[in-house]
Amino acid sequence: MSALFGTYARSDLAFERGEGMRLFTADGEAYLDFAAGIGVNALGYAHPDLVAALKSQGERLWHVSNLYRIPEQERLAARLVEASFADRVFFANSGAEAVECAIKTVRRYFHATGAPERFEFITFTGSFHGRTLATIAAGGNAAFAEGFGPPVEGFVHAAPGDIDAVRALVGPRTAGILVEPIQGEGGVNLMPERFLEALRALCDEAGLLLVFDEVQCGCGRTGRFSAHEWTDATPDLMAIAKGIGGGFPLGACLATERVGQYMTPGSHGSTFGGNPLACAVGNAVLDRILAPGFLEHVDEAGRHLAWHLRQLAQRFPQHVVDVRGRGLIAGLKLVPNAREFVAELRRHRLLTVSASDNVLRLLPPLIVEKADIDEAADILADALGGLDADPSSAA
Ligand code: PLP
């Protein structure tokens, strides 16, 4: 029996090393990775710049507490501010912590500005914000909150896309709106541009704060640094994680000065958040993502992937009923069971991940080349074709 909590439905695969787009088992079998640690390994595996940054920082200083200035952290914060709407950054170690910080920062803002009764968030069905007690209450999937006691108070849910439903939920307790511009776990659901812009307008009208959770869709994944840059909607706060650490645990809450100014000494903290090792890696990730041409590469690769996925949907309409996504966060809504199809693709040496709504999710490293996408598309076509030969294999 395993000594681990049984929280994950793990496959039997174990990998020994990775390089670029591929993972290798101990006996040398190569897998093409279109899951990237669920959107984490933005620069693939063993990227020489990340290895060099980790080694050189590792030889100097891994960790000091936030009781001291951390130059690598200050530099990373300044660069995130430069690349976004934000003025201030708080570093954490995960996506859930980054969202949790955003929730606290919003509540603190209203507390400090004389409206402590405003603590409630409008969030969305199908959303995912993490696994802490507050973020499971914020999330729009009741299954993740089941059995964990009374839900943290202050979250009400609306259907994504329905601005009238959101408006109807605004009341004297409402503090903010928390939304993923693209729902990842929920099934790669793109929020319509006009919906995000309408949320911004509603927040301005009602004095609410708008929080974007870009933990999965941010940090270059859509071909812009932030996914919301495809719209005219700018948030007051944003949570990021996953890609920013390139595989090193790192998350961040970004805020405007207007909102972030009330997070004063003692109001929040993290032992590990923003330590020198994490921030050295984060800076090395940004060196690549913000380099001229990188986001254009992601955009182009994303269009190539979308083209292939549309072809597959046309060729296999009996198995693929929808193509979703933007840039390198893509989804195929399937007829056959998506989890079982992920297992079938593993047998073809292609790694993917399922999402809610019976969606097959593709989140390759952002360094993916057209040849890798062509290879993945061939494997997808083979596996989809195989379903016709043996309809019971992934039914
Ligand atoms: N928010 C979004 C949109 C996510 O996709 C995730 C994780 O998948 C989280 C928050 C939670 O991140 P973490 O698992 O790092 O706590």
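What follows is calculated from the coordinates using simple rules that are stated; it is not laboratory data. These numbers were taken from a predicted model, which means no experiment stands behind them. A quick note on method: Cβ atoms are made from the backbone with ideal geometry, for glycine too, and the neighbour counts reach across all protein chains shown.
Before moving on, here are some points about what is shown:
- For segment 110-167, a/c is not less than 1.5, where a ≥ b ≥ c are the root eigenvalues of the C-alpha gyration tensor, and a/b does not top b/c. That puts it in the oblate class.
- Alpha-carbon Rg with Dmax, taken over the chain, Å: 20.9, 66
- Count Lys and Arg as plus one, Asp and Glu as minus one, and take only other residues whose Cβ is under 11 Å from that of Gly243; the net charge is then +2.
- Translational diffusion of segment 266-330, estimated by Stokes-Einstein from the Kirkwood radius over alpha carbon pairs at 20 °C in a medium of 1.002 mPa s, is 142 µm² per second.
- Between the listed residues Ser56, Leu366, Ala112, the Cα displaced farthest toward the positive end of the dipole of the chain, a dipole computed from Cβ unit charges relative to the Cα centre, is found at Ala112.
- Taking 30 Å as the limit for the C-alpha separation, the pairs Lys333/Lys370; Lys55/Lys104; Lys104/Lys242 exceed it in the case of Lys55/Lys104.
- Simple label model, 7 Å out from Cα along Cβ direction - Ala78 to Phe272, nm: 2.7
- Isolated cysteines of the chain, defined as having no other cysteine beta carbon under 4.7 Å away, are Cys203, Cys217, Cys219, Cys279.
- Alpha-carbon radius of gyration plus Dmax, which is the widest Cα pair, for segment 258-395 in Å: 19.6, 64
- With the charge dipole of segment 49-289 set up from +1 on Lys and Arg Cβ and -1 on Asp and Glu Cβ about the Cα centre, the Cα lying farthest toward the positive end among the listed residues Leu199, Pro276, Val156 is that of Pro276.
- Measuring how big segment 167-233 is from its alpha-carbon positions, Rg and Dmax come out at 12.3, 38 Å.
- Gain on full stretching of the segment that runs from Arg60 to Thr125 - 0.36 nm per residue minus C-alpha separation: 18.8 nm
- In nm, spacing of pseudo-spin labels at Met1 and Glu300 (7 Å Cα→C-beta vector): 5.5
- Remark: spin-label model distance Leu67-Glu205 equals 5.1 nm, labels positioned 7 Å along the Cα→Cβ axis.
- Highest mean packing first, where packing is the average number of other Cβ atoms within 10 Å per residue, the peptides 62-75, 255-268 line up as 255-268, 62-75.
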